[in-house]
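Okay, structure first, notes after.
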Amino acid sequence: MSKFLNIGSDNYISVNKVVVITQPSSAPIKRIIQKTKGNELIDCTKGRKMLSVIFTKDNKVILSPVNKQTLNKRLECLKNKL
């Protein structure tokens, strides 16, 4: 059974798909976001400030309004329940 991580604004992602959660503040991450197009970039901020970027196994880049520390805590809690 798959667990889902709440990434903010009532959006969820499968725990099994998450590869990296990072901050959007570094120049390389900003370049990746700018170069990512179409179905590969998913903006889940609903107009709020982007506080984290999630990279998935299927090469999607997801923008989240929740900071990376909070997402990491949620992810660890879900993984401990598996």
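The values are calculated or read from the model by the stated rules, or taken from the named source; none is laboratory data. Values in this document were obtained by computation on a predicted structure and should not be read as measured data. Every residue, glycine as well, gets a Cβ built from its backbone with ideal geometry; the counts of neighbours run over all protein chains shown.
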| So which of Lys73, Lys37 is closer than 17 Å to Tyr12 by Cβ and surrounded by fewer than 13 Cβ atoms within 10 Å (Cβ to Cβ)? | Lys73
| task | Can you confirm whether segment 60-69 contains a residue that is at positive phi and of a type in the set (S, T, N, Q)? | result | no
| message | Condition first: at pLDDT 95 or above, part of a helix (DSSP H, G or I) and over 10 Å from the mean Cα position of the chain (by Cα). Now tell me which residues in segment 36-71 satisfy that. | response | Glu40, Gln69, Thr70
| query | Limited to segment 1-35, what total is found for residues that are more than 10 Å from the chain's Cα centre (by Cα) and of a type in the set (A, V, I, L, M, F, W, C)? | reply | 7
